[in-house]
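Derivation of every value follows stated rules applied to the coordinates shown; laboratory data play no part. Since this is a predicted model, take the numbers as computed values, not measurements. Cβ: placed from backbone, ideal geometry, glycine included. Neighbour counts: every protein chain shown.
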């Protein structure tokens, strides 16, 4: 379960980072509702449903529409909970299948590492030190491009500025 939470956190941070490009650094929380709406109304490849569909049994068609009014209407009209339970069970099955497939792909990736040659252009993971208590989560994660200058043993490389 923690892996799923971490995956959502990465999605939220990546989305906030994209929205925050060239914006004041302290204003990230102003964009959080937009990110939340985007995530909650996006069809997920694994479940083939949106999170709001799985939670409420309905799609949100208009951001200004009140979900709670729909839920209250459904309760008073006698929503078919069986369909919602079936949708959730189907989503769980798809998640389990996807996790097994992801594990298999991950195991294969560990075997096949990307090999670079002298002259290849690459980007390097950027070390982002935390200073004065400020979070660096929304900073650019990669730096470069760099050119491979020398190939060393054990997947190590000497790089130079381009």
Quiz item: Taking neighbour counts of Cβ atoms within 10 Å as a proxy for exposure, in what order, fewest first, do 118, 151, 35 appear?
Solution: 118, 151, 35
Practice problem: Rank the residues 21, 44 as a footprinting-exposure proxy: fewest other Cβ atoms within 10 Å of their Cβ go first. | Solution: 21, 44
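Quick one: order 29, 120 by neighbouring beta-carbon count within 10 Å, fewest to most. It would help to have the intermediate numbers written out before the result.
Values: 29 8, 120 15.
Going from sparsest to densest Cβ surroundings: 29, 120.
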Exercise. For residue 4 paired with residue 139, estimate the spin-label separation in nm (one decimal), with each label point 7 Å from Cα along the Cα-to-Cβ line.
Key: 3.3
Quiz item: Three principal axis extents, largest first, for the C-alpha atoms of region 121-161, in Å?
Solution: 38, 19, 12
Exercise. Measure off 7 Å from each Cα along the Cα-to-Cβ vector at residue 25 and residue 103, then give the distance between these two points in nanometres to one decimal.
Key: 4.1
